[in-house]
Amino acid sequence: MNVTPTVVLSTQGHGPALAAAQQLALQAGARVWQRPDTADTAAWGISLGQTQVQVLPTPGLTDSAVCVYWAQTAETDANDRTPRNDARTLRRHLFSGLTLLIGDSAPTAPAQDAQRQHRSVHEQLFVLPGTTIVWPGRDDHQRSQSTVAVEKSFNARFAAAVPSRPVETVAPVATRPEAPPQVQAAEGYAGDLPPTLAYDWLQTGDAVLVDVRTDAERAWVGHVPGALAVAWKQWPGMAENPAFNSELLQAVPAGKKVLMLCRSGVRSVAAARRATELGLTAFNILEGFEGDLDPSGHRGQLGGWRRRGLPWQQG
């Protein structure tokens, strides 16, 4: 790529971060830019060739802190007839620096204004689409990414509502939920999670399970008690269910997370992406109901809802 940088954006504007930006600018023959400390929190755009990114003011960690948001249009295969402006062709990225660390990672220094940082995260970052991939500046556990939906629900420091008084920012707040390591970032939906964690979520009442298998599979192989039945494809023929969108929106209660379950965790990915396009916060249940095929070509031995000993019925 033949690119000549002219400006280095400092996302924090304090000692180590600013020094690193200055060193990079010196090597590239560029200049350093950082956001002035103003009351204006409106985002603004930057052109990088033909690419547009948004700079989001997120003061709190430092007065001049910013994050960068990029909605990337993905390339499509020549045989893919999906329109380029369809939501399925977008990959959203948030470069959150040190403002939003993922999971239970702790900051290395206290914020200049903890309450202001908390408000910035909620008002600027947590309003982004849940499928947005979060790329933090560092992580305590060598994780590289998460999603907005996962952090909004489970981040150890920011999952709670905006506080009415300053909070301690150097150590995680004990009363906030700890980020579950089992939730995996995914592209096009909120994330992947194992069957055992999905079951735990169902017990809290915050989520509903949607079984996207065919009616025949549910009747002959088994089903999860209380699951919502909305087939992604129907047997025989396995044609896509034309009423999937309307049936799903009618079945899912407002405000509930949606946990998608199929036979082995494949159809449920497509269903989770469609649910996300419909405005729902959707997760895919890894392994599905039966799990993958074993070396003998049998299911039910390599993971899956049933193999994990979770509730199910047959007949």
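Observations, loosely collected:
For (1) at positive phi; (2) of a type in the set (F, W, Y); (3) surrounded by fewer than 16 Cβ atoms within 10 Å (Cβ to Cβ), each residue gets a yes or a no:
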| residue | (1), (2), (3) |
| --- | --- |
| P242 | no, no, yes |
| L248 | no, no, no |
| V258 | no, no, no |
| G265 | yes, no, no |
| A282 | no, no, no |
| L286 | no, no, no |
| F289 | no, yes, no |
| L293 | no, no, yes |
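- Of all residues in the range 100-152 being part of a helix (DSSP H, G or I) and touching a residue at least 60 places away in the same chain (Cβ under 8 Å), the one that is nearest to the chain's Cα centre (by Cα): A149
- Residue count, the range 278-292 (criterion: touching a Lys or Arg at 6+ places or on another chain (Cβ under 8 Å) and part of a strand (DSSP E or B)): 3
- Boolean, R143 is surrounded by fewer than 20 Cβ atoms within 10 Å (Cβ to Cβ), over 24 Å from R273 (Cα atoms), among the basic types (K, R) and not assigned by TED's automatic domain parsing to the domain that holds T276: no
- Taken over the range 198-221, residues that are more than 19 Å from P253 (Cβ to Cβ) and crowded, with 17+ Cβ neighbours inside 10 Å amount to 5.
The values are calculated or read from the model by the stated rules, or taken from the named source; none is laboratory data. No experiment lies behind these values; they were computed from the predicted model shown. Because the Cβ atoms are built from the backbone with ideal geometry, glycine has one as well, and the counts that use them run over all protein chains shown.
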